[in-house]
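Report on one structure; see the data block that follows.
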Amino acid sequence: DGGITQSPKYLFRKEGQNVTLSCEQNLNHDAMYWYRQDPGQGLRLIYYSQIVNDFQKGDIAEGYSVSREKKESFPLTVTSAQKNPTAFYLCASSDEGSYTEAFFGQGTRLTVV
Amino acid sequence: GIQVEQSPPDLILQEGANSTLRCNFSDSVNNLQWFHQNPWGQLINLFYIPSGTKQNGRLSATTVATERYSLLYISSSQTTDSGVYFCAVRITGGGNKLTFGTGTQLKVEL
């Protein structure tokens, strides 16, 4: 089946630890995105990538890092510098260009304990 | 940056009722999508509608890009329609960046 797979579904992290969230797509999309959602809030863009080996900061990139070494993969690392990392993280992908439809994975719920 | 406001923020309906959700945006856009976020957090694509009108079953959407708004119509609502509805836009000349609206929380009751 074509789609976007995020793993794990639930993730617990101790304060001060880095953690990496996985996002893989088999839709052959060029563009990929990471969003953060806090309870009762909308989605805010963390990072996006329009092509392999290139990515841009979104609105809330501080405390996060990404890589785009392969077209199908766009992992997100939540670093210890992120002051409030507990949130729901959503990954999306789309074809390159403005006139394209974005599709989302099922999300990862990260809790700092 | 672009502002994307949705109204109403919250809506409670009786099953079978109709409703209209609105998305206003502050800048010129060349792409607009409507999503439904289910209780498990999954974002379901409803419409890709940069302009014009589309219908899919009980749902339809209209985007008037020149006037900077889009409407989502839900007819004969069902309890499974409950959840949060988001619109998301790409601004003209903004590349791939997709900006989300504030959302409308819908609850459909029996």
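The values are calculated or read from the model by the stated rules, or taken from the named source; none is laboratory data. Source: prediction; values computed, not measured. Neighbour counts run over all protein chains shown; Cβ positions are idealised from the backbone, glycine included. All accessible areas refer to the heavy atoms of the entire protein, side chains included, with ligands and DNA or RNA removed. Shrake-Rupley method; radii C 1.70, N 1.55, O 1.52, S 1.80 Å.
Residues of the stretch B:29-46 that bury at least 50 Å² of accessible area once all protein chains are present, compared with their chain alone (1.4 Å probe, heavy atoms only, ligands and nucleic acids left out), are B:N30, B:Q42, B:L43, B:N45. Heavy atoms of the protein chains alone define the surface here; on that basis the protein assembly as shown has 47 Å² accessible area per residue at 1.4 Å probe size. Taken over chain B, the percentage of Cα pairs per 5 Å bin, counting from 0 up to the bin with the maximum distance, is 2, 13, 25, 25, 19, 10, 5, 1, 0, 0. Accessible surface for A:W34 stands near 0 Å², nearest 10, in the context of the full protein assembly shown (1.4 Å probe). Of all DSSP-defined beta bridges confined to the protein assembly as shown, some 90% are antiparallel rather than parallel. Overall, the accessible surface of chain B at a probe of 1.4 angstrom is composed of carbon and sulfur to the extent of 50 percent.
Given a 1.4 Å probe and the protein chains as shown, A:E72 ends up with an accessible area of around 80 Å².
In this calculation the C-beta distance from B:S76 to A:D54 is compared with R0 = 45 Å, giving a FRET efficiency of 0.45. Using θ = phi - 60° in the Karplus curve 6.51 cos²θ - 1.76 cosθ + 1.60, the 3J(HN,Hα) couplings for the stretch B:38-53 round to 7, x, 8, x, 5, 8, 9, 6, 9, 9, 10, 9, x, 6, x, 10 Hz; x is entered for Gly and Pro. If you count Lys pairs in chain A whose Cα atoms are under 26 Å apart, skipping same-chain pairs closer than 8 places in sequence, the total is 9. May I ask for log10 I(q)/I(0) of the protein assembly as shown at q = 0.07, 0.13, 0.16 Å⁻¹, from a Debye sum over the Cα atoms as equal point scatterers with solvent left out? One equal scatterer on each Cα of the protein assembly as shown leads to -0.22, -0.75, -1.10.
Taking N as the number of residues in chain A, what is its alpha-carbon radius of gyration divided by 2.2 N^0.38 Å?
On the way: Rg = 13.2 Å, N = 113, 2.2 N^0.38 = 13.3 Å.
In units of the globular-protein estimate, chain A measures up at 1.00.
I'd like the carbon and sulfur percentage of the solvent accessible area for the stretch A:33-113, probe radius 1.4 Å, heavy atoms only, ligands and nucleic acids excluded. Please list the in-between numbers first.
Details: 1700 of 3610 Å².
Percent of accessible area from carbon and sulfur atoms in the stretch A:33-113: 47.
Along its three principal directions, the equivalent ellipsoid of the stretch B:5-59 from the Cα gyration tensor extends over semi-axes of 21, 14, 14 Å, largest first. Within 10 Å of the Cβ of each residue in A:92-102, the mean number of Cβ atoms contributed by other protein chains is 5. Interface size, chains B and A: roughly 1900 Å² of accessible area buried, both sides included, 1.4 Å probe, rounded to the nearest 100. Contact residues in the stretch A:1-42 (at least 40 Å² less accessible area with all protein chains than alone, 1.4 Å probe): A:Y33, A:Y35.
Taking Cα pairs under 8 Å and at least six residues apart, what relative contact order does chain B come out at, in percent? Please list the in-between numbers first.
Working: 283 pairs, mean separation 40.5, N = 110.
The value is 37 percent.
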